[in-house]
């Protein structure tokens, strides 16, 4: 998306050969953007206490964060 913002005033998104949306980069971000995704990977030897500490830190800093396990 960064390249499009620099080079284009409008862009189109195609899915399976069909035009799905057309507009400025800001319009598309406002309409279809879901925010950010933060992926945290931890070593296999961490404890449950460490995982809870990381989740609490993220929750304090990012008020509207939701957690999904992969």
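Using alpha carbons only, how many degrees (0 to 90, rounded to 10) separate the axis of helix 48-61 from the longest principal axis of the chain? Helix 48-61 and the main axis of the chain meet at about 50 degrees.
Potential lengthening of the chain between residue 54 and residue 30 amounts to 5.7 nm, from the contour at 0.36 nm per residue minus the alpha-carbon distance.
By the Cα gyration tensor, the chain has an equivalent ellipsoid whose semi-axes, rounded to whole angstrom, run 36, 14, 11 from largest to smallest.
Rule-based calculations on the coordinates, nothing more; no lab input. Not measured: the values here are computed from a predicted model.
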